[in-house]
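Novice: This is the structure, below, for whatever I ask next.
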Amino acid sequence: MPNGLESHHTINSTAAHPASLGADSTKTPLTPRDLINLPRLSSPAASFDGRSIVYTHTQYFEAERKSQKSLWLTYLSPSARPLTQAAFNFSDDSAVWLDNQTVAFLSSRGGSGTTQLWTVSTGQGSQPQQITRFPITISNVRYNARAQLLAFSAAVYADGSMEEAARRDSAEKTSKPDSGLAYERLFVRHWDHFIEPKKQNLFVVRIRSSAAGHYQLEGVPINLMAGGELESPLDPFGGVSDYQFSPDEIAFVSRKPGREQAWNPKTNIYVVSTDGSTRPRSLTDANPGVCSFPAYSPDGKQLAWLQMSRAGYESDRNQIVVAPRRAGSSSADADSTTALAAPRAIAARWDRSASSIVWLPSGTRLLVTAEDQGHNLIFSIDLASGTVAPVTQRGSNSILKPLSDQRVLLTRSMMHRPTEIYIATIASSAAPQEQLQQISFVSAPMLNAKRLVEPESFWFRGANNTNVQGWLLKPVNFQPGKKYRMVLLIHGGPQGSWTDSFSYRWNPNVFASAGLAVVAINPHGSVGFGQAFTDAVQQRWGSWPFEDLMKGVDHVSRTFSFVDTNRACALGASYGAYMVNWINGHTDRFRCLVSHDGRFSTEYASFYTDELYFPESEFGGVQWERAEAYAQWSPARHIAHWQTPTLVIHGDKGKWYALQRRNVPSRLLYFPDENHWVSKPANSLRWHQEVLAWIQRYNP
């Protein structure tokens, strides 16, 4: 970073971050405006030798109401520098290394109106070179150095042709007189957009370096999925982790085609030869649940993936599965399902749900991420014994690249620290203290002038006499002996959790900086406390979680004398907003409420949602067979008791109509250009201003 602000620090899990220290009176609180103007690090990629990292650097400019995305380079040294130029009229993102001096990346530069692949050398003064000139946008790029193959995805019609997709899109744009969309099966819409005939397909093409060191494509791309109904990466949330290379094969995640997708979240792992000589074949038809995250071993002889065992349930425990590829086998075999020996579960008794897998170089151990008691940690798992050992012990961590069997590059954030890059030591067994070396300091120039609060974890007895965990953040200018207003933050899901992670939405430090004591509780249904705890919310939406939250507030009142729970507001989004609506009909202990995009009525939830499997798993079946189970936990049944002033954001406006008709002080905030989340910086600023003003108005 400029001004010499980057330096290496070796830290441990108890080290204090400069921004969290309150002794310096010159530091100021973190405001919503600060939050949207923070520079952000994302999509880091490490070179083959592990000595260099390229990451996407995003900076919002409030005056222009625009962001700039460019690539930055660090050599694991005290400095980082821009690798590509930042501009408002194009974005650079998604870097992959072609060799230790050349980075490929996706960019909207060039004026074609599409996103294409470019390369840039890491040498000073190097200029980007355009590699692809396809007629449509490409995304989700991977590179296999051993095979010299580039893979990417593109949205195409059933014929699989990029050229035909461009032609049809252009013809429809100029000649279609109406905007009608007709459907005869589900899905019709998924999350924030309507389903179109085009699907993401995976392509491969050879790429070689010339004598002058410039890369160019060799031949034409092969669509590995043409002529079928498979899609990968999966819409709407799939990405590059939905597929992975071996030199002769690609494994990818897709759904079995058919209308059942709307009430069955099952996904399969498919394999296909990289030369396109075979059709994709599923390896996991026999498994009833969701499969994800394929990962080949370094030698290509084993394939690992994650799988859930229960049908219709998207929040089941992700088990780790490894299957050896039989000698000489490939997907070119007559039946590719025989190319793998019988898969076996790894660490089958470990009661955590893995979310990603990376092989260590020796091929004898895996690194996985999993939520654990309010943190998202990295664990090392021995394949032979199934022994699980934590690599990190706090915060929210993601695996970037193993440097060896003993060291790994990772990213980490905490509630008081945005995402940065670190190197961690990998111990073979549980270590008394994690060893981390911080590599990047993207947010330091701004946050070193800010005072952020480190969260405190607490436990209490909740519903069913179960131990329940929560987080507490003191107000930023905390003074012993004073009483402080409280906000209760309620997470979504319901199978979600409050983890010790930095967020640009619902950031607890923004509320602490406004002089509030912040309480965030992980009630029954939360992830990271064992699968039985997660499952406990099913058919109990308004019972155990509500009881946990109320007992949690009681515990805070008894234990933390500076928190004035008589001056409290409750805020939630998604399932958290459902719970806010439920709270309004069941207690008057809060002075105000904020309900962001949550259920007003569960009674007919199956008939106005995209993912039918969600209410069917939560309420035990289809609505016409389980009508009372759907209605039992509906906040709409308790409108007669609603009296707490409520700010309604997005979602079902029915609850706001009910509040208005009952003459309950209420306000509706709506963003027509946002979906389930409020992500645009200017809208985020308005969101925070409205929420904080509502709290101040009714809980001064």
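Novice: Only one residue in Ala165, Ala154 is free of Cβ contacts under 8 Å to residues at least 60 places away in the same chain and in a strand (DSSP E or B). Which one?
Specialist: Details: Ala165 fails: in a strand (DSSP E or B).
Checking each option against the conditions leaves just Ala154.
Novice: Could you pull out the residue among Arg255, Arg259, Arg208 that is of a type in the set (Lys, Arg) and either touching a helix residue (DSSP H, G or I) at 6+ places or on another chain (Cβ under 6 Å) or assigned by TED's automatic domain parsing to the domain that holds Val103 (or both)? So that I can check it myself, show each step before the final result.
Specialist: Working: Arg259 fails: either touching a helix residue (DSSP H, G or I) at 6+ places or on another chain (Cβ under 6 Å) or assigned by TED's automatic domain parsing to the domain that holds Val103 (or both); Arg208 fails: either touching a helix residue (DSSP H, G or I) at 6+ places or on another chain (Cβ under 6 Å) or assigned by TED's automatic domain parsing to the domain that holds Val103 (or both).
Checking each option against the conditions leaves just Arg255.
Novice: Could you say which residue among Leu669, Leu692, Leu685 is within 30 Å of Glu64 (Cβ to Cβ) and either in contact with a Pro (Cβ under 7 Å, 6 or more places away or on another chain) or loosely packed, with under 15 Cβ neighbours inside 10 Å (or both)?
Specialist: Numbers: Leu669 fails: either in contact with a Pro (Cβ under 7 Å, 6 or more places away or on another chain) or loosely packed, with under 15 Cβ neighbours inside 10 Å (or both); Leu692 fails: either in contact with a Pro (Cβ under 7 Å, 6 or more places away or on another chain) or loosely packed, with under 15 Cβ neighbours inside 10 Å (or both).
That would be Leu685, the only listed residue that is within 30 Å of Glu64 (Cβ to Cβ) and either in contact with a Pro (Cβ under 7 Å, 6 or more places away or on another chain) or loosely packed, with under 15 Cβ neighbours inside 10 Å (or both).
Novice: Quick check: is even one residue across region 343-364 under 20 Å from Met414 (Cα atoms) and assigned to a loop (DSSP other than H, G, I, E, B)? Even if it seems obvious, please write down each step before you answer.
Specialist: Narrowing region 343-364 to residues under 20 Å from Met414 (Cα atoms): 354-356.
After this cut, where a residue has to be assigned to a loop (DSSP other than H, G, I, E, B) as well, the list is none.
Within region 343-364, none of the residues are under 20 Å from Met414 (Cα atoms) and assigned to a loop (DSSP other than H, G, I, E, B).
Novice: Determine whether region 128-143 contains at least one residue that is over 24 Å from the mean Cα position of the chain (by Cα) and assigned to a strand (DSSP E or B). Full working, then the answer.
Specialist: Step one: list which residues in region 128-143 are over 24 Å from the mean Cα position of the chain (by Cα), which gives 128-136.
Subset that is assigned to a strand (DSSP E or B): 129-130.
Yes: region 128-143 contains one or more residues that are over 24 Å from the mean Cα position of the chain (by Cα) and assigned to a strand (DSSP E or B).
Novice: Among the residues of region 47-70 satisfying the criterion of being over 20 Å from Ser443 (Cβ atoms) and of a type in the set (Gly, Ala, Ser), which is surrounded by the fewest Cβ atoms within 10 Å (Cβ to Cβ)?
Specialist: Result: Ala63.
Novice: Among residues belonging to region 539-557 that are of a type in the set (A, V, I, L, M, F, W, C) and assigned to a helix (DSSP H, G or I), point out the one that is surrounded by the most Cβ atoms within 10 Å (Cβ to Cβ).
Specialist: The first filter runs over region 539-557 and keeps only residues of a type in the set (A, V, I, L, M, F, W, C), leaving 541, 544, 546, 549-550, 553, 556.
Among the residues that remain, those that are also assigned to a helix (DSSP H, G or I) are: 544, 546, 549-550, 553, 556.
Values: Trp544: 20, Phe546: 21, Leu549: 27, Met550: 19, Val553: 23, Val556: 21.
Among them, the one singled out is Leu549.
Novice: Could you check how many residues of region 451-480 are in contact with a Leu (Cβ under 7 Å, 6 or more places away or on another chain), surrounded by fewer than 21 Cβ atoms within 10 Å (Cβ to Cβ) and of a type in the set (A, V, I, L, M, F, W, C)? Give the derivation first.
Specialist: Keep residues of region 451-480 that are in contact with a Leu (Cβ under 7 Å, 6 or more places away or on another chain), which gives 452-453, 455-456, 458, 475.
Right, trim to surrounded by fewer than 21 Cβ atoms within 10 Å (Cβ to Cβ) and you get 456, 458.
Adding the requirement that they be of a type in the set (A, V, I, L, M, F, W, C) leaves 458.
Going through region 451-480 one residue at a time, the tally reaches 1.
Novice: Then there's this: Go through (1) in a loop (DSSP other than H, G, I, E, B); (2) touching a strand residue (DSSP E or B) at 6+ places or on another chain (Cβ under 7 Å); (3) modelled with pLDDT of 90 or more for Asp159 and report which single condition fails.
Specialist: All conditions are met except number (2).
Novice: Out of the residues in region 499-513 that are assigned to a loop (DSSP other than H, G, I, E, B) and within 19 Å of Asn683 (Cβ to Cβ), state the one that is nearest to the chain's Cα centre (by Cα).
Specialist: Filtering region 499-513 for residues assigned to a loop (DSSP other than H, G, I, E, B) gives 499-507.
Add one more test, that the residue is within 19 Å of Asn683 (Cβ to Cβ), and what stays is 503-507.
On the way: Ser503: 11, Tyr504: 12, Arg505: 13, Trp506: 14, Asn507: 15 Å.
Checking each candidate, the answer is Ser503.
Novice: Looking for whichever is crowded, with 23+ Cβ neighbours inside 10 Å and either touching a strand residue (DSSP E or B) at 6+ places or on another chain (Cβ under 7 Å) or assigned to a loop (DSSP other than H, G, I, E, B) (or both) here; the options are Ile399, Ile421. Which one fits? I'd like the intermediate steps shown before the answer.
Specialist: Values: Ile399 fails: crowded, with 23+ Cβ neighbours inside 10 Å.
Matching residue, one of Ile399, Ile421: Ile421.
Novice: Mind listing just one residue for me: the one in region 588-609 that is in contact with a strand residue (DSSP E or B) (Cβ under 8 Å, 6 or more places away or on another chain) and buried (at least 24 other Cβ atoms within 10 Å of the Cβ) and, of those, modelled with the lowest pLDDT? Spell out the reasoning first.
Specialist: To start, the set of residues in region 588-609 that are in contact with a strand residue (DSSP E or B) (Cβ under 8 Å, 6 or more places away or on another chain) comprises 589-598.
Those still in the list that are buried (at least 24 other Cβ atoms within 10 Å of the Cβ) too: 590, 593-596, 598.
Numbers: Phe590: 98, Leu593: 98, Val594: 98, Ser595: 96, His596: 95, Gly598: 90.
So, considering only residues that are in contact with a strand residue (DSSP E or B) (Cβ under 8 Å, 6 or more places away or on another chain) and buried (at least 24 other Cβ atoms within 10 Å of the Cβ), the one modelled with the lowest pLDDT is Gly598.
Novice: Test Leu377 against the criterion of being under 21 Å from the mean Cα position of the chain (by Cα) and in contact (Cβ under 8 Å) with a residue 12 or more places away in the chain, and give yes or no. Steps first, please.
Specialist: Numbers: under 21 Å from the mean Cα position of the chain (by Cα): yes; in contact (Cβ under 8 Å) with a residue 12 or more places away in the chain: yes.
Spelling it out, Leu377 is indeed under 21 Å from the mean Cα position of the chain (by Cα) and in contact (Cβ under 8 Å) with a residue 12 or more places away in the chain.
Novice: Would you confirm whether or not region 610-617 contains a residue that is under 19 Å from Gly462 (Cβ atoms), among the hydrophobic types (A, V, I, L, M, F, W, C), within 28 Å of the chain's Cα centre (by Cα) and surrounded by fewer than 24 Cβ atoms within 10 Å (Cβ to Cβ)?
Specialist: Taking region 610-617 as the starting set, the residues that turn out to be under 19 Å from Gly462 (Cβ atoms) are none.
No, the conditions are met nowhere in region 610-617.
Novice: Here's a follow-up. Return yes or no: is Ala182 outside any loop (DSSP other than H, G, I, E, B) and exposed (fewer than 14 other Cβ atoms within 10 Å of the Cβ)?
Specialist: Values: outside any loop (DSSP other than H, G, I, E, B): no; exposed (fewer than 14 other Cβ atoms within 10 Å of the Cβ): yes.
In short, no.
Novice: Of everything in region 634-686, what is of a type in the set (A, V, I, L, M) and over 25 Å from Gln59 (Cβ atoms)? Give them in sequence order. Give the steps one after another, and end with the answer.
Specialist: Of the residues in region 634-686, the ones of a type in the set (A, V, I, L, M) are 636, 639-640, 647-649, 658-659, 664, 668-669, 678, 682, 685.
Passing the criteria: Ala636, Ile639, Ala640, Leu647, Val648, Ile649, Ala658, Leu659, Val664, Leu668, Leu669.
The values are calculated or read from the model by the stated rules, or taken from the named source; none is laboratory data. Everything quoted here is computed from the prediction, not taken from an experiment. Note that we place each Cβ from the backbone using ideal geometry, even for glycine, and neighbour counts take in every protein chain shown.
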